[in-house]
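Peer 1: One structure, as structure tokens, below. Some questions next.
The values are calculated or read from the model by the stated rules, or taken from the named source; none is laboratory data. None of these values were measured; they are calculated from a predicted model. Neighbour counts run over all protein chains shown; Cβ positions are idealised from the backbone, glycine included.
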Amino acid sequence: MINVVLFEPEIPGNTGNIMRTCVATNTRLHLIKPLGFSLEDKYIRRSGVNYIDKCDYRVYENIEDFYSKNTGVFYYLSRYGHKPHTDFDYSDNQENIYFIFGKESTGIPPKYLKPHMDHCLRIPMTDNVRALNLSNTVAIVVYEALRQQNYNDLLRDEPSDEFHKGPNFIEES
């Protein structure tokens, strides 16, 4: 299973967008306190639209609490990573994979990264930008893992009945 871990997220809109991505991809979300907002906050609901109640998420008191309750392979998204996110093999969909993302302002503290430098990764970009928006980064990494897993059981066609009326439906409208 693919898991997204947000270490001390600060911006409610990012977390709401990430919740929506997690619902769309059957990905579990883990939130490590302190959170920079309330989960009841109207901004979470706004960016997560009507999907928050469908999001499979867990909240932890701190990172030690998270580690004590989860096992699998941990990957750390960091500007200190030296390998692109595409260099790793995520194709084993039987294994718990955790993508850990740091807080928007400072990332993951180096003391948590140092023992795991071989699993630190980054998304390649120009030197004009320090980092991408957190919710965009989550989507890029989750969809790369899903691509390697052949998108598991995700729908490849629109589920709406209107789009299942035949191959010429769009041309006929």
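Peer 1: Can you tell me which of T106, T86, T21, T27 is touching a residue at least 60 places away in the same chain (Cβ under 8 Å), hydroxyl-bearing (S, T, Y) and closer than 25 Å to R130 by Cα? If you could, list the steps in order and put the result at the bottom.
Peer 2: Details: T106 fails: touching a residue at least 60 places away in the same chain (Cβ under 8 Å); T86 fails: touching a residue at least 60 places away in the same chain (Cβ under 8 Å); T27 fails: closer than 25 Å to R130 by Cα.
Result: T21 is the single residue among T106, T86, T21, T27 that is touching a residue at least 60 places away in the same chain (Cβ under 8 Å), hydroxyl-bearing (S, T, Y) and closer than 25 Å to R130 by Cα.
Peer 1: Looking at segment 85-92, is at least one residue farther than 20 Å from L29 by Cα, in contact with a strand residue (DSSP E or B) (Cβ under 8 Å, 6 or more places away or on another chain) and surrounded by 12 or more Cβ atoms within 10 Å (Cβ to Cβ)? Can you show your working first?
Peer 2: Pass one, segment 85-92, residues farther than 20 Å from L29 by Cα: 86-89.
Still in the list and also in contact with a strand residue (DSSP E or B) (Cβ under 8 Å, 6 or more places away or on another chain): 87-88.
Checking the rest, the ones that are also surrounded by 12 or more Cβ atoms within 10 Å (Cβ to Cβ) come to 88.
Looking through segment 85-92, at least one residue is farther than 20 Å from L29 by Cα, in contact with a strand residue (DSSP E or B) (Cβ under 8 Å, 6 or more places away or on another chain) and surrounded by 12 or more Cβ atoms within 10 Å (Cβ to Cβ).
Peer 1: I would also like to ask the following. Given the condition under 15 Å from the mean Cα position of the chain (by Cα) and farther than 16 Å from F101 by Cα, answer yes or no: does some residue in segment 57-79 qualify?
Peer 2: For segment 57-79, residues under 15 Å from the mean Cα position of the chain (by Cα) and farther than 16 Å from F101 by Cα: absent.
Peer 1: For residues in segment 16-46 being farther than 23 Å from T71 by Cα and in contact with a Ser or Thr (Cβ under 8 Å, 6 or more places away or on another chain), which is modelled with the lowest pLDDT? Lay out the reasoning, then the answer.
Peer 2: Narrowing segment 16-46 to residues farther than 23 Å from T71 by Cα: 16-17, 20, 24, 36-46.
From what is left, the residues that are in contact with a Ser or Thr (Cβ under 8 Å, 6 or more places away or on another chain) are 16-17, 20, 37, 44.
Working: G16: 90, N17: 92, R20: 92, F37: 87, I44: 70.
Only one residue fits best here, namely I44.
Peer 1: L134: at pLDDT 95 or above, touching a His at 6+ places or on another chain (Cβ under 6 Å) and of a type outside the set (K, R), yes or no?
Peer 2: Working: at pLDDT 95 or above: yes; touching a His at 6+ places or on another chain (Cβ under 6 Å): no; of a type outside the set (K, R): yes.
The answer is no for L134.
Peer 1: Can you go through N62, N70, N93, N50 and tell me which one is over 21 Å from D153 (Cβ atoms), at pLDDT below 95 and not aliphatic (A, V, I, L, M)? Don't jump to the end; show me each part of the working.
Peer 2: Numbers: N62 fails: at pLDDT below 95; N70 fails: at pLDDT below 95; N93 fails: over 21 Å from D153 (Cβ atoms).
Result: N50 is the single residue among N62, N70, N93, N50 that is over 21 Å from D153 (Cβ atoms), at pLDDT below 95 and not aliphatic (A, V, I, L, M).
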